[in-house]
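Chemist: Would you mind keeping the following structure in view while I ask a few things?
Values in this text are rule-based calculations from the coordinates and carry no lab data. Worth saying up front: this structure is predicted, and the values here are computed from it rather than measured. Here the Cβ positions follow ideal geometry from the backbone for every residue, glycine too, while neighbour counts run over all protein chains shown.
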Amino acid sequence: MLPALAVAQQTPPAPQPPAHPAPALETPGAPQPAAITLPLEAVVMTVGTEKITRAQFEEILAALTANGQRIPGKRQFATQLGELEAVAAGARKRKIDQTVAAKQLIAIQTDNVLANQLQRQVAEEVKIDEAAEHAYYDSHKAQFEQVKAEHILIRFKGSQVPVKANGKDLTDEEALAKAQEIRKKIADGGDFAAVAKAESDDTGTGATGGALPPFSKGQMVKEFEDAAFAQPVGELGQPVKTKYGYHIIKVLERKSKTFEEEKTNIDRQLKQQLTREAMERIEKETPVTLDDTYFGK
């Protein structure tokens, strides 16, 4: 037996939260009851006249866990399961499960579960060899390039960055002029870190002298990323405008992560790609056509 809760948790999230959502895992280190060993056939839960054995209950837990569902303590989960089963039993007494609407929803949920389980099985069957890993690395080298840089931000009106205490809400023109003035000050020998601490509106990096953690492509806004990956190492760039303000960027280092450093990420990307391709092939095995007269083009 697979209770309704197990089915519901395997389907994509509905627009509204479930009646009995499963909470997060219990706090690590919390006191746990002493383990008691019962035979697999022992009845551990009863809902009305339906009896659930230890084996059945643990099958439910295993199915949900395999599907990525976080399970609270066993008793808490059993209580939630019991509540759901009791309500479902009430619905069956009223023959709601025999209505056209309920049958359609149950059929869609069943198809969702089957599709999700098939995708999980396909992903487990995907095999990735070293040649494929190296081919992926060689064809995505730009993805593994990484920049280490520091910056100073001068915000302008409308920026998502808040104005500093006692600071002025600068116009675009005022912010650009201030950024150019600060850049000149540093180019003339000023200390970048000291100026960043005093002037940068990015208070997080400003406190550390403008230093940013190393970043790869896709992690920064486009204008900032384009400048950082094109700017010569060690050179103080011209102010770059983003939605946050004007940035004065200094690239400290640019390097590519090695294959060994990225192997785990490559395997994950390849598995996702190969799984997606396999699922697309499976979809094409069953043609789907739509009536243009009804649905339009």
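Chemist: Run down the aspartates and glutamates and flag those whose C-alpha is under 17 Å from the C-alpha of residue 95, throwing out any fewer than 8 positions away in its chain.
Modeler: Reachable aspartates and glutamates: 85.
Chemist: Net charge within 11 Å of residue 266 by Cβ-Cβ distance, Lys/Arg positive one each and Asp/Glu negative one each, not counting residue 266 itself?
Modeler: On the way: positive: 257, 263, 268, 271; negative: 130, 133, 138, 260, 261, 262, 267.
Combined, the nearby Lys, Arg, Asp and Glu give -3.
Chemist: Tell me the angle of helix 259-284 to the major Cα principal axis of the chain, expressed in degrees between 0 and 90 and rounded to the nearest ten.
Modeler: 50
Chemist: Give a residue-ordered list of calculated ³J(HN,Hα) values for the stretch 52-58 (Karplus: 6.51 cos²θ - 1.76 cosθ + 1.60, θ = phi - 60°; whole Hz; x for Gly, Pro).
Modeler: Result, rounded to whole Hz: 10, 7, 4, 4, 5, 5, 6.
Chemist: Can I ask one more? Helix 130-139 versus the longest principal axis of the chain: what angle, 0 to 90°, nearest 10, using Cα atoms?
Modeler: Tilt of helix 130-139: around 40 degrees.
Chemist: I've got another one for you. Here are some pairs, 148/184; 164/250; 127/257; 222/263; 217/255; which of them have Cα atoms lying more than 19 Å apart in this structure? Don't skip to the answer; put the middle values down first.
Modeler: Numbers: 148/184 22 Å; 164/250 23 Å; 127/257 24 Å; 222/263 26 Å; 217/255 12 Å.
148/184; 164/250; 127/257; 222/263, as the Cα separations exceed 19 Å there.
Chemist: Additional query: Note down the nm distance, to one decimal, between modelled labels 7 Å out along Cα→Cβ at residue 92 and at residue 62.
Modeler: 2.4
Chemist: Which whole-Hz ³J(HN,Hα) couplings does the stretch 153-167 yield from phi under the Karplus relation 6.51 cos²θ - 1.76 cosθ + 1.60, θ = phi - 60°, glycine and proline marked x?
Modeler: Result, rounded to whole Hz: 10, 10, 7, 9, 4, x, 5, 6, 7, x, 5, 5, 3, 6, x.
Chemist: What ³J(HN,Hα) values, in whole Hz, does the Karplus curve 6.51 cos²θ - 1.76 cosθ + 1.60 give for the stretch 204-221 when θ = phi - 60°, with x put for Gly and Pro?
Modeler: Per-residue couplings from phi come out as x, 7, x, 5, 9, x, x, 5, 9, x, x, 9, 10, 5, x, 9, 10, 4 Hz.
Chemist: Separation between the residue 172 and residue 294 pseudo-spin-labels, each 7 Å from Cα along Cα→Cβ, expressed in nm?
Modeler: Between residue 172 and residue 294, the label points sit 5.1 nm apart.
Chemist: Between residue 285 and residue 126, what FRET efficiency comes out of the Förster formula 1/(1 + (r/R0)^6) with R0 = 22 Å and r the beta carbon distance, rounded to 0.05?
Modeler: Numbers: r = 18 Å, r/R0 = 0.82.
The formula returns an efficiency of 0.75 here.
Chemist: If amide H atoms are built 1.01 Å from N in the plane of the peptide, which residues on other chains or at least 5 residues away come under 5 Å of the amide H of residue 242?
Modeler: Those lying under 5 Å, H to H, from residue 242 are 247.
Chemist: So, in Å, what gap is there between the alpha-carbon centers of the stretch 262-284 and the stretch 53-117?
Modeler: So the two Cα centres are separated by 30 Å.
Chemist: Cα axis of helix 100-125 to longest principal axis of the chain: angle in degrees, 0 to 90, nearest 10?
Modeler: 60
Chemist: What does the charge count near residue 92 come to, summing +1 for each Lys or Arg and -1 for each Asp or Glu among other residues with Cβ under 15 Å from its Cβ? The partial results should precede the final answer.
Modeler: Working: positive: 93, 94, 95, 103; negative: 50, 85, 97.
With Lys, Arg at +1 and Asp, Glu at -1, the net is +1.
Chemist: At a Cα cut-off below 20 Å, give the lysines reachable from residue 93, other chains included and same-chain residues fewer than 8 away excluded.
Modeler: In chain and number order, the partners are 51, 103.
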